[in-house]
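Written out below as structure tokens is the structure these notes cover.
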Amino acid sequence: MQENPFLGSPALNPVAQRVWRSKYRHGGDGAPPDADIRDTWRRVAQALASVEREPGRWVPRFLHLLEDFRFIPGGRILAGAGTTRDVTLFNCFVMGIIEDSIDGIFAALREGALTLQQGGGIGYDFSTLRPAGTRARRVGTVASGPVSFMRVWDVMSATLLSTGSRRGAMMATLRCDHPDIETFIRAKHEPGVLTHFNLSVQVSDAFMEAVERGEDWPLVFPVDALDGQTLERAEGTVRRRWTGRDGPVDCAVLRRVSARALWEAIIRNAYDYAEPGVLFIDRINHDNNLGYREHITATNPCGEIPLPPYGACDLGSLNLARFVIAPFSPEARLDTAALQDAAAVAVRMLDDVIDLSRFPLPQQAEMARGTRRIGLGITGLADAMVMLGMRYGSPESLAFARETMQAICHAAYRASIDLAREKGPFPHLDRAAHLERPFIRHLPEDIRDGIARHGIRNSHLLAIAPAGSISLLANNVSSGIEPIFAFEQRRRIIDPDLVPREHVVEDYAYAVWKAQHPGELLPPAFTTAHETLPLEHLQMQAAVQEYVDNAISKTINLPAEIPFEDVATVYSEAWRLGLKGCTTYRPTPLRGQVLSEGEEATTGARCCVAP
């Protein structure tokens with residue numbers, strides 16, 4: 001029985017070595033520098049264990065999980081834990097509500113700058129800003145619209161980048177019934193505009209139903225924010241729950257559009273420009289474990305953590321490729337028991353991050369400590385499937401993904417209940433209300449009973465991040481739940497001097513196969529993203545989301561020649577499947593591509609940065 005030849009070895013391939021040196025190696029600052037990846041693991045394990053009552057008990061357990069990349073904490077944890085740097089250990093935040101005034105807008109800009117400066121990506125809902133051309137009720141000034149102020153944020157991010165700050169990503173969302181929605185979805189047509197932003201439209205169930213029925217769709221804004229002249233031109237009012245409001249408010253209908261035409265425009269822009277993405281916002285709020293105390297309208301820059309104002313991402317990924325025993329053999333199997341044990345320890349590690357981390361803003365600290373939200377995810381799914389002889393997207397692979405995520409989910413919830421018994425539940429917990437939330441109601445009886453008796457340490461526990469940089473660090477395992485992009489590919493990596501350089505890298509499973517079977521043909525399970533059908537992407541996302549209480553970052557890679565109508569079907573099917581969001585990527589001359597299989601390099605804006 002042949003074992004994985006890389007298991008037990010911390011050796012990094014040249015690209016992984018460069019990623020470690022440029023992103024995660026601690027260079028000193030009053031503490032001993034990391035000599036190799038082992039020092040990084042030791043530094044992180046000791047730092048996280050330092051907040052435990054018995055640090056000596058947990059350092060070796062944390063270190064064992066980190067070794068050999070079984071568990072890979074989020075990039076901010078790897079880079080910042082155990083250092084003296086004034087940085088946050090959280091990858092991303094959703095910022096506070098943007099008040100529709102000059103003072104409010106620039107106060108929000110300042111908070112965003114402070115957060116980006118400390119290494120956190122940020123997400124905003126710009127729906128609170130009045131549509132372009134309308135006047136304010138009190139001061140009579142004419143609004144320039146949300147997109148105009150997004151440009152201010154973009155310049156701020158670029159300026160911070162020029163000072164040597166980490167390359168932070170930003171997410172902007174806008175409601176599908178905001179009067180400036182058409183401007184928003186076209187905002188990145190001009191090259192070089194809003195390059196630091198990802199864009200996503202908050203799509204409601206009511207809008208999708210209007211699309212299906214071929215109805216007109218009202219574009220609206222709260223009555224109490226508009227002047228009399230604007231209201232005189234309104235086409236009546238409707239009740240809507242609005243960003244930053246406690247409940248439904250009267251909104252003026254400023255104009256109506258065809259729901260189908262607007263939906264087609266959203267998809268057309270995604271088809272041509274890879275943006276905007278779509279957030280199915282009602283599904284997000286329906287499934288939110290804290291739906292009894294918060295309403296969500298934005299996510300972190302990659303979309304895997306829908307968050308309330310000042311919410312934070314505390315991320316880490318279990319590397320499934322490291323839990324495959326006897327890969328590429330008839331005896332190949334996933335060590336599910338070891339994976340569940342790892343999930344339990346990883347939950348404790350991510351929970352410790354909350355107590356160890358600094359926060360750019362006190363509101364972020366209060367929210368993180370009040371909910372203790374974490375996002376334990378997976379990476380290396382496609383590589384693990386190949387090692388087990390499964391084709392990504394096959395019925396067998398979908399069942400495997402669902403069962404694996406179920407095992408991790410239940411292990412994580414049981415671990416969080418044990419932590420609540422030991423350390424106390426998260427402060428904002430309402431046990432009766434929590435037990436009635438849809439995700440919680442579908443958990444096994446012993447978990448629900450445990451929450452009723454002891455509470456639970458973390459409001460949310462699971463999220464699937466892109467895991468791009470950390471997957472490269474782990475010798476280029478397939479990232480997140482994505483299929484293998486290519487067996488050999490060119491990757492652009494930002495060096496410490498902020499210069500992008502291209503490198504050729506091999507997929508991890510492909511490298512393992514070559515080491516075990518030199519010169520042999522690849523088995524049929526080896527397939528790439530470009531051989532994966534769009535529906536197979538969606539089905540994989542749906543299979544995993546069933547056991548993910550946050551959300552999933554998933555990009556459906558599409559061939560350049562795919563008809564527009566087929567892409568439209570992808571988005572509609574994503575809604576029907578109950579997904580929380582949908583993002584596609586089709587390489588075009590307008591956008592290029594970040595990864596390439598051949599020798600030729602192509603250019604294109606990053607999707608986001610979420611190490």
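The values are calculated or read from the model by the stated rules, or taken from the named source; none is laboratory data. What you see is a predicted model; the values in this text were computed from it and never measured. As a convention, Cβ positions derive from the backbone with ideal geometry for all residues, glycine included, and neighbour counts pool all protein chains shown.
Between Ala420, Ala432, the distinction of being surrounded by fewer than 17 Cβ atoms within 10 Å (Cβ to Cβ) and over 23 Å from Ile378 (Cα atoms) belongs to Ala432 only.
Return a yes/no flag: does the stretch 413-422 have any residue that is in a helix (DSSP H, G or I), among the polar types (S, T, N, Q), assigned by TED's automatic domain parsing to the domain that holds Leu339 and closer than 25 Å to Leu339 by Cα. Spell out the reasoning first.
Kept after step one, since they are in a helix (DSSP H, G or I), are these residues of the stretch 413-422: 413-422.
Checking the rest, the ones that are also among the polar types (S, T, N, Q) come to 416.
Imposing the further condition that a residue be assigned by TED's automatic domain parsing to the domain that holds Leu339 reduces the set to 416.
From the residues that got through so far, the ones that are closer than 25 Å to Leu339 by Cα too are 416.
Within the stretch 413-422, one or more residues are in a helix (DSSP H, G or I), among the polar types (S, T, N, Q), assigned by TED's automatic domain parsing to the domain that holds Leu339 and closer than 25 Å to Leu339 by Cα.
Could we say that Ala259 is buried (at least 22 other Cβ atoms within 10 Å of the Cβ), within 26 Å of Ile98 (Cα to Cα) and among the small types (Gly, Ala, Ser) here? Criteria not met by Ala259. Just give me the residues in the stretch 224-254 being assigned to a strand (DSSP E or B), under 18 Å from Glu99 (Cβ atoms) and over 33 Å from the mean Cα position of the chain (by Cα), in sequence order. Leu226, the sole residue that qualifies.
Answer yes if at least one residue in the stretch 324-335 is in contact with a strand residue (DSSP E or B) (Cβ under 9 Å, 6 or more places away or on another chain), buried (at least 24 other Cβ atoms within 10 Å of the Cβ) and in contact (Cβ under 8 Å) with a residue 60 or more places away in the chain, and no otherwise. Write out each step before concluding.
Our first condition is that a residue be in contact with a strand residue (DSSP E or B) (Cβ under 9 Å, 6 or more places away or on another chain); within the stretch 324-335, this holds for 324-326, 331-335.
Subset that is buried (at least 24 other Cβ atoms within 10 Å of the Cβ): 324.
Now narrow it down to the ones that are in contact (Cβ under 8 Å) with a residue 60 or more places away in the chain: 324.
Yes, the conditions are met somewhere in the stretch 324-335.
Only residues that are basic (Lys, Arg), assigned to a loop (DSSP other than H, G, I, E, B) and either at pLDDT 95 or above or touching a Ser or Thr at 6+ places or on another chain (Cβ under 8 Å) (or both) were counted in the stretch 117-171, giving 1.
Of the set (1) part of a loop (DSSP other than H, G, I, E, B); (2) at pLDDT below 95, all apply to Ser459 but (2). If the condition is being more than 23 Å from Gly468 (Cα to Cα) and touching a residue at least 40 places away in the same chain (Cβ under 8 Å), then the stretch 54-81 contributes Trp58, Arg61.
Applying the criterion of being in contact with a Leu (Cβ under 6 Å, 6 or more places away or on another chain) and either free of Cβ contacts under 8 Å to residues at least 40 places away in the same chain or assigned to a helix (DSSP H, G or I) (or both) to the residues of the stretch 357-391, the residue that is farthest from Pro466 (Cα to Cα) is Ala384. Exactly one residue among Thr532, Thr569, Thr527 is of a type in the set (S, T, N, Q) and surrounded by fewer than 17 Cβ atoms within 10 Å (Cβ to Cβ), and that residue is Thr569. Where the second residue is in a helix (DSSP H, G or I) and surrounded by 24 or more Cβ atoms within 10 Å (Cβ to Cβ) and the first is outside the structural domain of Val253 (by TED's automatic domain parsing) and acidic (Asp, Glu) and lies in the stretch 175-198, which pairs have Cβ atoms under 6 Å and are six or more apart or on separate chains? Partner pairs satisfying both residue conditions: none exist.
Summed over the stretch 424-435, residues that are touching a residue at least 40 places away in the same chain (Cβ under 8 Å) and not hydrophobic (A, V, I, L, M, F, W, C) total 4. So for the stretch 492-501 (the condition being in contact with a strand residue (DSSP E or B) (Cβ under 8 Å, 6 or more places away or on another chain) and part of a loop (DSSP other than H, G, I, E, B)), does at least one residue qualify? So far as the stretch 492-501 goes, yes, one or more of its residues are in contact with a strand residue (DSSP E or B) (Cβ under 8 Å, 6 or more places away or on another chain) and part of a loop (DSSP other than H, G, I, E, B).
Identify, please: which residue in the stretch 1-37 is of a type in the set (Ser, Thr, Tyr) and modelled with pLDDT under 90 and is, among those, surrounded by the most Cβ atoms within 10 Å (Cβ to Cβ)? Top of the filtered list is Ser22. Of the residues that make up the stretch 341-356, is at least one over 21 Å from the mean Cα position of the chain (by Cα), loosely packed, with under 15 Cβ neighbours inside 10 Å and charged (D, E, K, R)? Scanning the stretch 341-356, I find at least one residue that is over 21 Å from the mean Cα position of the chain (by Cα), loosely packed, with under 15 Cβ neighbours inside 10 Å and charged (D, E, K, R), so the answer is yes.
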